[in-house]
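Colleague: Submitted below is the structure of interest, expressed as structure tokens.
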Amino acid sequence: MKLVKTKLQDCLILEPNVFKDNRGYFLESYNKNTFNELTGMSVNFVQDNESFSSKGVLRGLHYQTGDFAQAKLVRVIKGKVLDVAVDIRKDSLTFGEHISVELSEENKKQLFVPRGFAHGFIVLSDVALFSYKCDNFYNKASEGGIIFSDPKLNIDWILPKNQFLVSDKDLELPELKNAII
């Protein structure tokens, strides 16, 4: 597995070794020892989640606060998404900055989103099967979010806005300057 650092501290891209032959392919998507050795972190994932979405579905930007903050290891099993992580750590030199990474069934890349980041994605293919590991359990009372269209973040979601499919809940999220973090 190859580790690629991003401009945001501890937000990392992981590229697994993929072994292909005439039958298909094999990859090890996660190995705790390998992950901890590569990243220099000791992360204990406790929950796996999966979502299925159609083209234009935009989920995010979400995070958990306080004792229920979550780190995530995200990947796409089918399709293609633009995945976005926003640094919301108030004491960080990159507070309010974001990265965008294309994750797809073709490139097999994974993104590690540490605690203290908001996360979201938009589906670029006809459909996408999105999978992620979390290092803490979900807690509804600790939900937080930032509106995807925050002008200060200025995220390029690639698709035209008229193709976005966003939940009513996500449309009501505040801008970063008004978010509870």
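Colleague: Which residue, of Gly56, Gly79, Gly60, is of a type outside the set (Ser, Thr, Tyr), closer than 22 Å to Asn162 by Cβ and surrounded by 22 or more Cβ atoms within 10 Å (Cβ to Cβ)?
Modeller: Result of the check over Gly56, Gly79, Gly60: Gly60.
Colleague: Sticking with this one: Pick out the one residue from Ile88, Ile77 that is within 24 Å of Lys5 (Cβ to Cβ) and touching a strand residue (DSSP E or B) at 6+ places or on another chain (Cβ under 7 Å).
Modeller: Every option except Ile88 fails the conditions.
Colleague: Among the residues of the stretch 166-174, are any basic (Lys, Arg), closer than 20 Å to Lys72 by Cβ and surrounded by 13 or more Cβ atoms within 10 Å (Cβ to Cβ)?
Modeller: The answer is no, given that none of the residues of the stretch 166-174 is basic (Lys, Arg), closer than 20 Å to Lys72 by Cβ and surrounded by 13 or more Cβ atoms within 10 Å (Cβ to Cβ).
Colleague: Among (1) without any contact (Cβ under 8 Å) to a residue 40 or more places away in the chain; (2) buried (at least 21 other Cβ atoms within 10 Å of the Cβ), which single condition is Gln70 missing?
Modeller: Evaluating Gln70 over (1) without any contact (Cβ under 8 Å) to a residue 40 or more places away in the chain; (2) buried (at least 21 other Cβ atoms within 10 Å of the Cβ) leaves (1) as the failure.
Colleague: Are any residues in the stretch 138-180 more than 22 Å from Thr65 (Cβ to Cβ) and not charged (D, E, K, R), and if so, which ones?
Modeller: If the condition is that a residue be more than 22 Å from Thr65 (Cβ to Cβ) and not charged (D, E, K, R), then Pro151, Asn154, Trp157, Ile158, Leu159, Pro160, Asn162, Gln163, Phe164, Leu165 are the ones that fit.
Colleague: Hey, can you tell me all the residues within the stretch 6-50 that are within 21 Å of Glu102 (Cβ to Cβ) and of a type in the set (D, E, K, R)?
Modeller: Lys7, Asp10, Glu15, Lys20, Glu50
Colleague: Mind checking which residues of the stretch 1-37 are over 22 Å from Ser92 (Cβ atoms), hydrophobic (A, V, I, L, M, F, W, C) and not in a loop (DSSP other than H, G, I, E, B)?
Modeller: Across the stretch 1-37, the qualifying residues are Val18, Phe19, Phe26, Leu27, Phe35.
Colleague: Do we have Phe45 as touching a Lys or Arg at 6+ places or on another chain (Cβ under 6 Å) and touching a residue at least 12 places away in the same chain (Cβ under 8 Å) here?
Modeller: Spelling it out, Phe45 is indeed touching a Lys or Arg at 6+ places or on another chain (Cβ under 6 Å) and touching a residue at least 12 places away in the same chain (Cβ under 8 Å).
Colleague: Exactly one of these conditions fails for Lys32: (1) buried (at least 17 other Cβ atoms within 10 Å of the Cβ); (2) under 25 Å from Phe137 (Cβ atoms); (3) not polar (S, T, N, Q). Give me its number.
Modeller: (1)
Colleague: Among the residues of the stretch 80-93 satisfying the criterion of being out of contact with any helix residue (DSSP H, G or I) (no Cβ under 9 Å at 6 or more places or on another chain), in a loop (DSSP other than H, G, I, E, B) and not small (Gly, Ala, Ser), which is farthest from Asn154 (Cα to Cα)?
Modeller: Asp91
Colleague: Taking the stretch 89-139 as the search range and keeping residues that are within 15 Å of the chain's Cα centre (by Cα) and among the basic types (Lys, Arg), which one is surrounded by the most Cβ atoms within 10 Å (Cβ to Cβ)?
Modeller: Of everything passing the filter in the stretch 89-139, Lys133 is surrounded by the most Cβ atoms within 10 Å (Cβ to Cβ).
Colleague: So, one more: Please indicate, with yes or no, whether at least one residue in the stretch 66-73 is more than 24 Å from Asp126 (Cβ to Cβ) and of a type in the set (Asp, Glu).
Modeller: Checking the stretch 66-73: at least one residue is more than 24 Å from Asp126 (Cβ to Cβ) and of a type in the set (Asp, Glu).
Colleague: So, restricting to strands (runs of 3 or more DSSP E) that lie completely within the stretch 94-151, which ones have at least 2 residues that are charged (D, E, K, R)?
Modeller: Filter on the stretch 94-151 gives an empty set.
Readers should treat all values here as calculations from the given coordinates under stated rules, not as data from a laboratory. None of the values given here were measured: they were computed from a predicted structure. We place every Cβ from the backbone using ideal geometry, glycine too, and count neighbours over all the protein chains shown.
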